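Accompanying notes for the structure given below.
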Amino acid sequence: MKYNQQYLPAETVSKLEQQKKLTEQLKTLTAAAENVARTGTIDQAVAAYDQALKFARQNNLPTQVRSLNQAINKIRLKEAMANARKAESAKDWKNAAATYRQALALSKTLSNNEGSREISKKLVAATFRHELDQSRTTFAEAKWQQSIEMLENAKKLLHE
């Protein structure tokens, strides 16, 4: 059977055509997900990408699975960074540190470790501020030993 200017076995042509159809269907799903990512909420974008990811897994498309996982993690990283900045603005250092920790884990799943170094710095700063705030609280409550331990933890963070 002739396929792309070559003669190939009918079975091979059939598989190539099936692969082509699957790829086109996935492109449609991915394009829809990208559109939702530009215009919708983060949850909607992740749901749309999850649909494309499910399709890629069901049809054994490993390269596309990796690519879609990267896209989902980028969206989640963007969300985590926004949440961490909100927590910082509210001076909720414990939440900021936890969210930066989540963002750091997500950044390490991306192929280029997007912003890992900067996120690490922000994580240390938020953790330091949390320890400092906690030490002030324990100091005010006359919990001297706890206050000392928290200040020592904060000092260690400065030297890391």
- Please verify whether segment 76-84 includes one or more residues that are surrounded by 13 or more Cβ atoms within 10 Å (Cβ to Cβ) and touching a Phe, Trp or Tyr at 6+ places or on another chain (Cβ under 6 Å). yes
- Item | Index of the failed condition, ALA90 passing every other in (1) open to solvent by less than 70 Å² (accessible area, probe 1.4 Å); (2) at pLDDT 90 or above | (1)
- Among the residues listed as GLN25, GLN102, GLN44, GLN70, the single one being part of a helix (DSSP H, G or I), free of Cβ contacts under 8 Å to residues at least 24 places away in the same chain and more than 25 Å from LYS156 (Cβ to Cβ): GLN44
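Quick grid of which residues meet (1) at pLDDT 75 or above; (2) not β-branched (Val, Ile, Thr):
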position: ALA98; (1), (2): yes, yes
position: ALA103; (1), (2): yes, yes
position: SER107; (1), (2): yes, yes
position: SER111; (1), (2): no, yes
position: THR127; (1), (2): yes, no
position: GLU149; (1), (2): yes, yes
position: ALA154; (1), (2): no, yes
- Note on the structure: Inside segment 1-36, the number of residues satisfying the requirement of being among the small types (Gly, Ala, Ser) and modelled with pLDDT of 90 or more is 3
- Query: Can you find even one residue in segment 114-136 that is buried (at least 16 other Cβ atoms within 10 Å of the Cβ), aliphatic (A, V, I, L, M) and in contact (Cβ under 8 Å) with a residue 40 or more places away in the chain?
  - Reply: yes
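The values are calculated or read from the model by the stated rules, or taken from the named source; none is laboratory data. Since we're looking at a predicted model, the values are computed, not measured. Neighbour counts are summed over all protein chains in view; Cβ atoms, including those assigned to glycine, are modelled from backbone coordinates with ideal geometry. Areas reflect the complete protein model, heavy atoms only, side chains present, ligands, DNA and RNA absent. Shrake-Rupley method; radii C 1.70, N 1.55, O 1.52, S 1.80 Å.
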